[in-house]
Amino acid sequence: MTKILIDGKEIDVPAEYTLLQACEAAGAEIPRFCYHERLSIAGNCRMCLVEVAGSPKPVASCAWGVRDCRPGPNGELPSVKTKSPMVKKAREGVMEFLLINHPLDCPICDQGGECDLQDQAMGYGVDTSRFAENKRAVEDKYMGVLIKTVMTRCIQCTRCVRFSTEVCGVPEMGLIGRGEDVEITTYLESALTSELQGNLVDICPVGALTSKPYAFAARPWELGKTQSIDVMDAVGSAIRVDTRGREVMRILPRVNEAVNEEWISDKTRHIVDGLRTQRLDRPYVRENGKLRAASWNEAFAAIAAKLGRVDGKRIGAIAGDLAAVEDMFALKQLLAQFGAANVATQHGDAFDIAAGRASYIFNPTIAGIEQADALLIVGANPRREAAILNARIRKRWRTGQLKVGVIGEKAELTYDYEHLGAGPDTLSELAGGKHSFAETLKNAKNPIVLVGAGVVARKDGAAVLALAAKLAGDLGAVKDGWNGFAVLHNSASQVGALDIGFAPGEGSLTAAQMLAPGALDAVFLLGADEVNVPDGAFVVYIGTHGDRGAHRADVILPGAAYTEKTGIYVNLEGRVQMANRASFPPGEAREDWAIIRALSEVLGKKLPYDSLVQLRQAMFRVVPHLMRIDQIEAGDAAGLKTLASRGGALDKSALKSPVADFYLTNPIARASAVMAECSRLAAGQMLNAAE
């Protein structure tokens, strides 16, 4: 630690701090445009000038280190002033230069109300200009369907260039020209290809880069703000849902260092239009092969008439990717009243909950990736399945301390990796020590063996999972103080479902067995759209959108989307999270658990709770760790030995990611016109790359 005087106040800070960080630690507010704590230092806006004792001129605090400050002639502590007349005059001069060419667009600029330049001009701007020359004008650039550009407003802080290069790992933006002619552009003015490009809008300190889908929709002071979590993937990114009246207007990231830092994926941010398109807002009943609108009483009566003639053991339920834990718990209890235990998620057949929690969560945790020094990716494409987690891997890889090996398809990840092979046979070779990467894992201090959801979806998924667990144990990835066995889920509901036992068990059918012709007489689909229920089965669909599941249904019960209900979700690392209601479901749609509770009464199988609080109390009695919000209940590593001992026959076919299209993975995304356009652009770019 180093002692330093900030505005006469003595503080102790690490020697590697910049003066800007030291000043903020002392409580001083330093204006800045180019500096961002998660990006490299550029030092080109000069707004953060401070006065350092002994320096003849102001110093850029973002680019000057504490260790570079010299003591006074008599050994006095280095002194920094942030409010002196010299500093004020210097900052006012910088602001005057910035505003020479900046257009007066505030009344029509989408950044208005959230603009750093606007805020800092209040403190350091003047009400007159000494310049009479024409303002510089720059042509707007095309950057794709998500980013709207007004480049005349750009102040060349280069945050966007550094973000796309360093965080996204897709260096598609840069500066061209010199002096007054300098411009930021994409190469050949093509659309950006990163899954994180929406964050450019958040880090741009002016209105040069704004959200194209949100353009001219609302001002920030009109919106209600609700803290929630994202369910587009299994990461559980912290988000803020902004609403006006009943309508969700936009979704923004919240800072959560343990999960998403301050970034969110484009799918998380831009599925907003999908929340109001193709919505189910009333019950439907199929008559003579066609669906017709019905009342809740008619829909419940149709279900009761059918289930009254069905053997309870021939009823099953399959949960989709966006189901909350409470909804699955209520549905499982309803089936238990019929004597049925056939419950499963769409893609979770390979997991065995008897092996314990460590066998199906991301044990090293997302933040733990930053301690890893070797990573083996098995049958996954983190860039498509969990873009935020992929950014965390890249962050660690950029330090030069992470070696990555991949078994599966050759994918365009944002970091260098060694492609070891395509199928499970390569995993067997590694387990037998026949591959050089086995030594890398063995010699690593904190290795991670990451198994993707693509492995679990295979017929031999359980065998590959067992082999990966054995490999993790044999090569030292599981030891005291470190559990490097990690499962990368791509479904927000999967870990929560396994926690409450919404999974195949002793004497119950798996999802694949339920979907075999003639296996069941009645199937409940809780937002499950990626399944094909055979003809002959009576299908009750509880969901939000007119997607595949609704097309197959005999009775449709309209549910609430994740922004329209309060629900518990468990992310891939086992962290319990709470999604909060920001708006209300459309029309006659209701929360899923309430639908199941009301249906149970009509069926004569009344569930023992009348409110969400009572339901949660019943759930917490069965699974106590679900009450500890934002905490991770660590899995017992001993369970991995149980999993590793399972074995099984391996298929020779290549491992591949289950996510073919990043933008269209769930009903909300498939209802979004913005996501459809992103998907079309991405497909075109992949085609061009292949040619």
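Quick one: in the stretch 490-510, which of the residues that are touching a Ser or Thr at 6+ places or on another chain (Cβ under 9 Å) and either surrounded by fewer than 24 Cβ atoms within 10 Å (Cβ to Cβ) or within 10 Å of D349 (Cα to Cα) (or both) is modelled with the highest pLDDT? Full working, then the answer.
Just the residues of the stretch 490-510 that are touching a Ser or Thr at 6+ places or on another chain (Cβ under 9 Å), to begin with: 490-491, 493-494, 497-498, 502-504.
Still in the list and also either surrounded by fewer than 24 Cβ atoms within 10 Å (Cβ to Cβ) or within 10 Å of D349 (Cα to Cα) (or both): 498, 503-504.
Values: L498: 93, A503: 89, P504: 87.
Among them, the one singled out is L498.
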Which pairs turn up if I take residues in the stretch 389-402 that are of a type in the set (G, A, S) and look for partners that are open to solvent by 70 Å² or more (accessible area, probe 1.4 Å) with beta carbon separation below 8 Å, at least 6 apart in sequence or on another chain? none
Go through A258, A234 for me and flag whichever is in a loop (DSSP other than H, G, I, E, B), surrounded by fewer than 22 Cβ atoms within 10 Å (Cβ to Cβ) and modelled with pLDDT under 95. A258
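Condition first: in a loop (DSSP other than H, G, I, E, B) and in contact with a strand residue (DSSP E or B) (Cβ under 8 Å, 6 or more places away or on another chain). Now tell me which residues in the stretch 526-542 satisfy that. Give the derivation first.
Kept after step one, since they are in a loop (DSSP other than H, G, I, E, B), are these residues of the stretch 526-542: 527-537.
Result: G527, A528, D529, V531, V533, A537.
Which residues, counting only those in the stretch 144-200, are hydroxyl-bearing (S, T, Y), more than 26 Å from M95 (Cβ to Cβ), touching a strand residue (DSSP E or B) at 6+ places or on another chain (Cβ under 8 Å) and in contact (Cβ under 8 Å) with a residue 24 or more places away in the chain? It would help to see each step written out before you state the result.
Just the residues of the stretch 144-200 that are hydroxyl-bearing (S, T, Y), to begin with: 149, 152, 158, 164-165, 185-187, 190, 193-194.
Checking which are more than 26 Å from M95 (Cβ to Cβ) leaves us with 164-165, 186-187, 190, 193-194.
Retained after the next criterion (residues that are touching a strand residue (DSSP E or B) at 6+ places or on another chain (Cβ under 8 Å)): 164-165, 186-187.
Within the stretch 144-200, S164, T186 meet the criteria.
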I need the full set of residues from the stretch 622-652 which are free of Cβ contacts under 8 Å to residues at least 60 places away in the same chain and of a type in the set (D, E, K, R), in order please. R628, D630
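Kindly evaluate V523 against the criterion of being assigned to a helix (DSSP H, G or I) and either under 28 Å from the mean Cα position of the chain (by Cα) or surrounded by 17 or more Cβ atoms within 10 Å (Cβ to Cβ) (or both). Give the derivation first.
Details: assigned to a helix (DSSP H, G or I): no; either under 28 Å from the mean Cα position of the chain (by Cα) or surrounded by 17 or more Cβ atoms within 10 Å (Cβ to Cβ) (or both): yes.
No: the conditions fail for V523.
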Would a scan of the stretch 438-449 turn up a residue that is modelled with pLDDT under 90, open to solvent by less than 10 Å² (accessible area, probe 1.4 Å) and more than 13 Å from L375 (Cβ to Cβ)? yes
Taking the stretch 186-209 only, how many residues are farther than 21 Å from L413 by Cβ and either buried (at least 21 other Cβ atoms within 10 Å of the Cβ) or under 18 Å from the mean Cα position of the chain (by Cα) (or both)? 9
Going residue by residue through the stretch 149-162, is there one that turns out to be surrounded by 19 or more Cβ atoms within 10 Å (Cβ to Cβ), hydroxyl-bearing (S, T, Y) and more than 24 Å from A391 (Cα to Cα)? yes
Inter-residue pairs, beta-carbon under 9 Å, first outside any loop (DSSP other than H, G, I, E, B) and in the stretch 338-365, second of a type in the set (V, I, T) and open to solvent by 10 Å² or more (accessible area, probe 1.4 Å), 6+ apart: N342/T510; A344/T510; A354/T642; A355/T642; A358/V478; S359/I353; S359/T642
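Output the strands (runs of 3 or more DSSP E) that fall wholly within the stretch 553-618 and possess 3 or more residues being over 28 Å from the mean Cα position of the chain (by Cα), in contact (Cβ under 8 Å) with a residue 12 or more places away in the chain and buried (at least 21 other Cβ atoms within 10 Å of the Cβ), or say none.
Qualifying strands (runs of 3 or more DSSP E): 555-558.
Yes/no matrix, rows are residues, columns are (1) open to solvent by 70 Å² or more (accessible area, probe 1.4 Å); (2) among the basic types (K, R); (3) out of contact with any Gly (no Cβ under 7 Å at 6 or more places or on another chain):
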residue: F33; (1), (2), (3): no, no, yes
residue: A42; (1), (2), (3): no, no, yes
residue: R46; (1), (2), (3): yes, yes, yes
residue: V50; (1), (2), (3): no, no, yes
residue: K57; (1), (2), (3): yes, yes, yes
residue: S61; (1), (2), (3): no, no, yes
residue: P73; (1), (2), (3): yes, no, yes
residue: P78; (1), (2), (3): no, no, yes
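If you check M86 against the conditions, is it part of a helix (DSSP H, G or I), touching a Leu at 6+ places or on another chain (Cβ under 9 Å) and open to solvent by less than 40 Å² (accessible area, probe 1.4 Å)? If you could, list the steps in order and put the result at the bottom.
Working: part of a helix (DSSP H, G or I): yes; touching a Leu at 6+ places or on another chain (Cβ under 9 Å): yes; open to solvent by less than 40 Å² (accessible area, probe 1.4 Å): no.
In short, no.
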For the stretch 215-228, how many residues are open to solvent by 10 Å² or more (accessible area, probe 1.4 Å), more than 26 Å from V150 (Cα to Cα) and touching a residue at least 60 places away in the same chain (Cβ under 8 Å)? 3
Against the condition open to solvent by 10 Å² or more (accessible area, probe 1.4 Å), more than 23 Å from the chain's Cα centre (by Cα) and touching a residue at least 24 places away in the same chain (Cβ under 8 Å), how does A516 come out, does it pass? no
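The values are calculated or read from the model by the stated rules, or taken from the named source; none is laboratory data. Keep in mind that what you see is a predicted model, and the values were worked out from it rather than measured. Note that we place each Cβ from the backbone using ideal geometry, even for glycine, and neighbour counts take in every protein chain shown. For accessibility, only protein heavy atoms count, side chains too; no ligands or nucleic acids. Shrake-Rupley method; radii C 1.70, N 1.55, O 1.52, S 1.80 Å.
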